[in-house]
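**Student:** Attaching a single structure in structure tokens format; questions to follow.
Please treat every number below as a calculation from the coordinates, not as lab data. Bear in mind the structure is a predicted one, so any value in this text is a computation, not a measurement. Reconstructed Cβ throughout: ideal geometry from the backbone, glycine too, with neighbour counts over all protein chains shown.
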Amino acid sequence: MAKKEENNAELMNKVISLCKRRGFMFPGSEIYGGLANSFDYGPLGVELKNNIKNLWWKKFVQQRDDMVGIDAALIMNSKVWEASGHLKNFSDPLVECKKCHHRFREDLLEGKEKCPDCKGELMPAKQFNLMLKTFLGPVETDDSVVYFRPETAQAMFVDFKNVLDTTRRKLPFGIAQIGKAFRNEITPGNFIFRTREFEQMEIEYFIGEKEWEKTFEMWRKEMWSWITDDLGLNEKHVHENDIAELERAFYSKKTIDFEFDYPFDRKELYGLAYRTDYDLKKHFNEAPYEDLETKEKFYPHVIEPSFGVDRSVLAVLLDAYTEEDDRVVLKLKPKLAPYKVAVFPLLKNKPELVKKAREVYNILKKEFNVAFDDRGNIGKRYYSQDEIGTPFCVTIDFDTLEKDDITIRDRDTMKQERIKISGLVNFLNEKIN
């Protein structure tokens with residue numbers, strides 16, 4: 001068991017090191033000593049994150065006839081959070097050590113009486129609200145208190161009637177959103193797994209009450225398809241956890257967590273919840289939906305598939321990280337890779353090769369995100385691209401000048417083949433898509 005924990009810690013450290021070294025993530029505010037559990041996405045990280053978000057939006061919004069999207073404000077009227085129950089119920093049990101004054105979430109402590117840091121006595125638990133508070137306007141008064149949203153869901157409920165009136169949708173249909181959320185977590189940690197500022201991809205899918213079990217199962221399958229087919233995660237590393245009634249959110253009648261085998265523990269990756277009609281009833285004084293045929297007015301029920309962007313990135317990186325002999329490879333799905341292809345001149349001191357490589361680079365740049373590299377020997381360039389997950393490398397050599405073909409190398413197999421430049425774009429499109 002100790003050996004397994006050591007290997008898991010080593011994997012986590014290697015992935016964190018790669019992320020910093022190759023520009024996936026940087027510690028936030030690093031030159032000023034950093035900020036606890038704050039991370040910036042670097043040049044490669046932002047490409048990976050955007051590829052995940054764009055793929056999700058295409059799959060769940062653009063390719064479905066029953067879905068529309070919104071992009072709501074981060075700060076909402078405080079009455080939203082009063083109505084939703086967040087001001088009263090959105091809290092964690094906090095305990096503080098009398099000796100070192102470190103604070104912990106009580107429900108995550110193995111021993112409830114002693115401080116895990118100094119073994120001092122813990123004070124009685126008290127509820128700590130996770131809402132991140134700020135003020136609007138020039139004067140900090142009770143009337144100017146507002147909160148950064150702790151989830152993206154409420155805006156989709158508040159905007160339900162506006163969406164309904166402007167799109168003329170009929171049940172079942174969904175509203176989707178990708179955006180930032182903020183939670184003043186007591187104990188964030190484990191790299192980007194738990195941070196106070198994070199990004200969500202969420203759907204509120206509105207249905208008639210009788211349809212909830214069938215719809216819940218439909219979305220369960222859709223989420224598995226995303227996990228395995230789109231993200232390419234190993235399904236053996238993902239597990240369903242049917243949350244017991246006493247552990248569910250107060251508004252949920254059924255919740256499934258999709259948990260991932262992170263190196264530090266098996267923890268939540270995504271969630272799927274049946275929120276009943278709780279939220280719409282809280283925000284609307286009268287039923288906001290009318291059946292066009294029966295003229296019946298009622299409160300639709302809601303199935304909520306929730307996907308964490310940052311946890312998606314972390315799971316993808318952990319699952320893709322591979323060591324093969326003397327090379328490190330990120331075996332990312334080609335659609336997710338920051339660069340889809342890299343272009344190399346065989347030798348940088350041969351102007352004719354560099355010129356031709358630039359021509360090929362400019363052709364590919366119109367279709368894909370492409371890297372150009374003429375530094376060092378060709379083997380090191382291959383390995384450098386393997387480490388950041390680039391699925392294909394194109395090399396321009398002296399035969400290219402005569403035959404107008406190139407060598408293309410596959411990241412995972414390291415197999416090389418020659419193809420004509422004229423067929424390169426179609427070749428890559430087929431392989432990537």
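**Student:** Ala287 to Arg266: FRET efficiency via 1/(1 + (r/R0)^6), r the Cβ-Cβ distance, R0 41 Å, to the nearest 0.05?
**Tutor:** Calculated value: 0.50.
**Student:** Calculated FRET efficiency, Ile31 and Glu402, Cβ-Cβ r, R0 56 Å, to nearest 0.05?
**Tutor:** Computed FRET efficiency for Ile31 and Glu402 comes out at 0.65.
**Student:** Let me ask something additional. How far is it, in nm, from the label point at Asp412 to the one at Leu347 when both lie 7 Å from their Cα along the line to the Cβ?
**Tutor:** If labels sit at Asp412 and Leu347, their model points lie 3.5 nm apart.
**Student:** Separate question: Along the three principal axes, how long is the chain when you take its alpha carbons, biggest first, rounded to the nearest angstrom?
**Tutor:** Largest first, the chain extends 75, 67, 50 Å along its Cα principal axes.
**Student:** What size of dipole, in debye to the nearest 20, comes out for region 345-417 about its Cα centre when the only charges are +1 on Lys and Arg C-beta atoms and -1 on Asp and Glu C-beta atoms?
**Tutor:** The dipole magnitude comes to about 320 debye.
**Student:** Separate question: Where nothing but the Cβ of Lys and Arg (+1) and of Asp and Glu (-1) is charged, how large is the charge dipole of the chain around its Cα centre, in debye to the nearest 20?
**Tutor:** So the dipole magnitude of the chain works out to roughly 980 debye.
**Student:** Would you check region 31-150 for Lys pairs whose C-alpha atoms are within less than 20 Å, ignoring same-chain pairs closer than 8 in sequence, and give me the count?
**Tutor:** 16
**Student:** Turning to a different aspect of this structure: Considering the chain as a Gaussian network with a 10 Å cut-off on Cα pairs, which listed residue, Leu364, Leu336, Leu122, attains the greatest mean-square fluctuation?
**Tutor:** Greatest mean-square fluctuation among the candidates belongs to Leu122.
**Student:** Right, something else. Any idea which of Pro138, Phe372, Ala181 is furthest toward the positive side of the dipole for the chain, if Lys and Arg beta-carbons carry +1 and Asp and Glu beta-carbons -1?
**Tutor:** In the chain, that residue is Phe372.
**Student:** Whole angstrom only: what separates the Cα centroid of region 66-120 from the Cα centroid of region 256-271?
**Tutor:** 19
**Student:** Let me ask something else about it. Would you mind working out the magnitude of the charge dipole of region 294-346 relative to its Cα centre, with +1 at each Lys and Arg C-beta and -1 at each Asp and Glu C-beta, to the nearest 20 Debye?
**Tutor:** 460
**Student:** Which length gain, in nm to one decimal place, applies between Trp224 and Lys355 when the Cα-Cα distance is subtracted from 0.36 nm times their residue separation?
**Tutor:** Stretched out fully, the Trp224 to Lys355 stretch lengthens by 42.6 nm.
**Student:** Students often forget the sequence filter, so: which aspartates and glutamates lie under 12 Å Cα-Cα from Lys356 once same-chain residues fewer than 8 apart are removed?
**Tutor:** Asp397, Asp399, Glu402, Asp404, Asp405
**Student:** Something else: Along the charge dipole of the chain, Cβ charges K/R +1 and D/E -1, which of Val354, Ser17, Leu233 sits furthest on the positive end?
**Tutor:** It is Val354, whose Cα lies furthest towards the positive end.
**Student:** Okay, next question. Applying 1/(1 + (r/R0)^6) with R0 = 60 Å to the Cβ-Cβ distance of Arg168 and Thr322, what FRET efficiency is obtained, to the nearest 0.05?
**Tutor:** The pair Arg168/Thr322 has a calculated efficiency of 0.75.
**Student:** List the residues of region 250-289 whose backbone N lies under 17 Å from a point placed 7 Å from the Cα of Glu217 along the Cα-to-Cβ direction.
**Tutor:** Correct set: 254-256, 273-274.
**Student:** OK, next. Based solely on its DSSP helices, what 222 nm [θ] is calculated for the chain when runs of n ≥ 4 H residues each add -39,500 (n - 2.57) and the sum is averaged over all residues, nearest 500 deg cm²/dmol?
**Tutor:** After summing the helix terms and dividing by the residues of the chain, the value is -9000 deg cm²/dmol.
**Student:** Still on this structure: Using a basic spin-label model with each label point 7 Å from the Cα along Cα→Cβ, how many nm lie between Lys79 and Val145?
**Tutor:** It is 1.7 nm.
**Student:** With an 8 Å cut-off on Cα pairs and a minimum separation of 6 or more residues, tell me the relative contact order of the chain in percent.
**Tutor:** Worked out over the chain, it gives 12 percent.
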